[in-house]
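**Q** Pasting a structure here, questions to come.
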């Protein structure tokens, strides 16, 4: 009888262990994926696209929220450029999908507010276009288009923690293509003057010849800023001589 009882106890113990292992396996299958998703989930990012602009022109850059795991109910963000003497913010627009919008522009600072009345951006929304910022190129150089978040709320009423990614904008003169040439002129040494008139990537004698031959052409005279080396307000023969001198340096 004692032997039978011991066997029953052993079987019960083994059964209990098996049940425990089965429950542990179920917990692992249920919990681990959630933990993995929690660790894998990236921080939402608000980013502004990069761009390149000719001085005097404007460009619209997209403002995008990478993801909203718990939806997006509204936002309040500010955008500015790092150097208003090179490029400055002039206007902004909010994605019309947001029911309530407000756009405020003061000097070089743009404020955008939007509320998702129609619940367009709910649980798991990605690549949400918040709006666009218009930037004017003023002088030659490169600036960052910076963004700061005053508030960004999900559909549960909680604040969304985000990182921000600034856009980079290159503001440059218009580079024309000289008659008979295939490529636009280039500023190879980054000094503000277009010395490479044939656009072959280097300064050579043909560049000097082209400047001399087409000195009175609209391509040269309508773009004084990149050809007027003596800074007298016109492109003249002295600028040809200075271009030749630059080639010899």
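The values are calculated or read from the model by the stated rules, or taken from the named source; none is laboratory data. The structure presented is a predicted model; accordingly, all values stated were derived computationally and were not measured. So basically every Cβ, Gly included, is an ideal-geometry build from the backbone, and we count neighbours across all protein chains shown.
**Q** Please enumerate the residues belonging to the range 89-104 that are in contact (Cβ under 8 Å) with a residue 12 or more places away in the chain, assigned to a loop (DSSP other than H, G, I, E, B) and surrounded by fewer than 19 Cβ atoms within 10 Å (Cβ to Cβ).
**A** Scanning the range 89-104 gives 97, 99.
**Q** Taking residue 140 and the conditions (1) surrounded by fewer than 16 Cβ atoms within 10 Å (Cβ to Cβ); (2) modelled with pLDDT under 95; (3) in the same structural domain as residue 65 (by TED's automatic domain parsing), which numbered condition does it fall short on, given that it satisfies the others?
**A** Status for residue 140: all satisfied but (1).
**Q** Here's a follow-up. Quick one: in the range 181-191, of everything that is over 15 Å from residue 222 (Cα atoms) and without any contact (Cβ under 8 Å) to a residue 24 or more places away in the chain, which residue is surrounded by the most Cβ atoms within 10 Å (Cβ to Cβ)?
**A** Looking at residues that are over 15 Å from residue 222 (Cα atoms) and without any contact (Cβ under 8 Å) to a residue 24 or more places away in the chain, I get 186.
**Q** Which condition breaks for residue 238 when tested against (1) surrounded by 14 or more Cβ atoms within 10 Å (Cβ to Cβ); (2) not in a loop (DSSP other than H, G, I, E, B)?
**A** Exception for residue 238: condition (1).
**Q** Considering only the range 74-88, I want to know if a residue exists there that is touching a residue at least 60 places away in the same chain (Cβ under 8 Å), touching a helix residue (DSSP H, G or I) at 6+ places or on another chain (Cβ under 9 Å), surrounded by fewer than 17 Cβ atoms within 10 Å (Cβ to Cβ) and closer than 30 Å to residue 225 by Cβ.
**A** no
**Q** For residue 191, indicate whether it is under 37 Å from the mean Cα position of the chain (by Cα), within 17 Å of residue 140 (Cβ to Cβ), outside the structural domain of residue 141 (by TED's automatic domain parsing) and modelled with pLDDT under 90.
**A** For residue 191, the condition - under 37 Å from the mean Cα position of the chain (by Cα), within 17 Å of residue 140 (Cβ to Cβ), outside the structural domain of residue 141 (by TED's automatic domain parsing) and modelled with pLDDT under 90 - is met.
**Q** If the requirement is being closer than 29 Å to residue 76 by Cα and either in a loop (DSSP other than H, G, I, E, B) or not assigned by TED's automatic domain parsing to the domain that holds residue 66 (or both), which of these qualifies: 112, 123?
**A** From the options 112, 123, the qualifying one is 123.
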